Amino acid sequence: MKANGTVIKYGDNIDTDVIIPARYLTTSLPEELAKHCMEDIDKDFANKVNKGDIMVGGSNFGCGSSREHAPIAIKASGISCVIAKDFARIFYRNSINIGLPILECAEASEDIDAGNEVEVDFDTGVITNKTKNKTYQAEAFPEFMQGIINAGGLVEYIKKTN
């Protein structure tokens, strides 16, 4: 499985309240959450993101509360995957549970710039920056996690495997 897209980049400590502000937690509809994703730090995010784009963050991405709304908003906005130096553990788990691929790779996080064209191979963990003609190595997902992501999340995976 691969993702290809243009990079939208953010810095360190992007917390779940920035990803989806608490004032929008009255709904869990993905399309509604997507309309407000990142709006407190990037008012144009919902208008500029295209299906397949790749989000790059710094360290401690997804810190804060444990709400699943944050990765749901990112995925519903059209982002195909998130690359960061590292993720808050609960955000990492919630992302996999809802089928949002996320990769930890410090080198890619630091070197990739907003607007770069990037390809991610989830089977190998290779991240290719097509703009800079550089590659970075993240850890590939284990087979069972690829199954969860390919199914669209943990609930769908369980339905398909039982």
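The values are calculated or read from the model by the stated rules, or taken from the named source; none is laboratory data. The structure presented is a predicted model; accordingly, all values stated were derived computationally and were not measured. We place every Cβ from the backbone using ideal geometry, glycine too, and count neighbours over all the protein chains shown. For the accessible areas, the whole protein counts, side chains as well, though only heavy atoms, and no ligand, DNA or RNA atoms are used. Shrake-Rupley method; radii C 1.70, N 1.55, O 1.52, S 1.80 Å.
Helical runs (DSSP H, four residues minimum) scored at -39500 (n - 2.57) apiece and divided by the length of the chain put the mean residue ellipticity at 222 nm at -9000 deg cm²/dmol.
In this structure, the pairs whose alpha-carbon distance is over 21 Å, taken from K85/K132; K51/K130; K2/K43; K9/K130, are K2/K43.
What FRET efficiency do you get for N4 and T26 if R0 is 45 Å and r is their Cβ-Cβ distance, rounded to the nearest 0.05? After rounding, the FRET efficiency stands at 0.85. Of the solvent-accessible surface of region 1-109, computed with a 1.4 Å probe over protein heavy atoms with every protein chain present, carbon and sulfur atoms account for 49 percent.
Taking only the alpha carbons of region 1-95, we obtain Rg and Dmax values of 11.9, 35 Å in that order.
Restricting to region 1-160, what percent of DSSP beta bridges are antiparallel, rounded to 5? Around 55 percent of the beta bridges assigned by DSSP in region 1-160 are antiparallel ones. Of all aspartates and glutamates in the structure, those lying under 19 Å Cα to Cα from K160, and not within fewer than 8 positions of it along the same chain, are E143. Working note: Cα atoms of the chain, range along each principal axis, descending, whole Å: 43, 42, 25.
Take region 55-143 with all the other protein chains still there, run a 1.4 Å probe, and you get 38 Å² of accessible area per residue. Using θ = phi - 60° in the Karplus curve 6.51 cos²θ - 1.76 cosθ + 1.60, the 3J(HN,Hα) couplings for region 84-101 round to 8, 4, 7, 10, 4, 4, 5, 5, 4, 5, 4, 5, 4, 4, 9, x, 9, x Hz; x is entered for Gly and Pro. With all protein chains kept in place, the per residue accessible area of region 1-50 amounts to 54 square angstrom at a probe of 1.4 angstrom.
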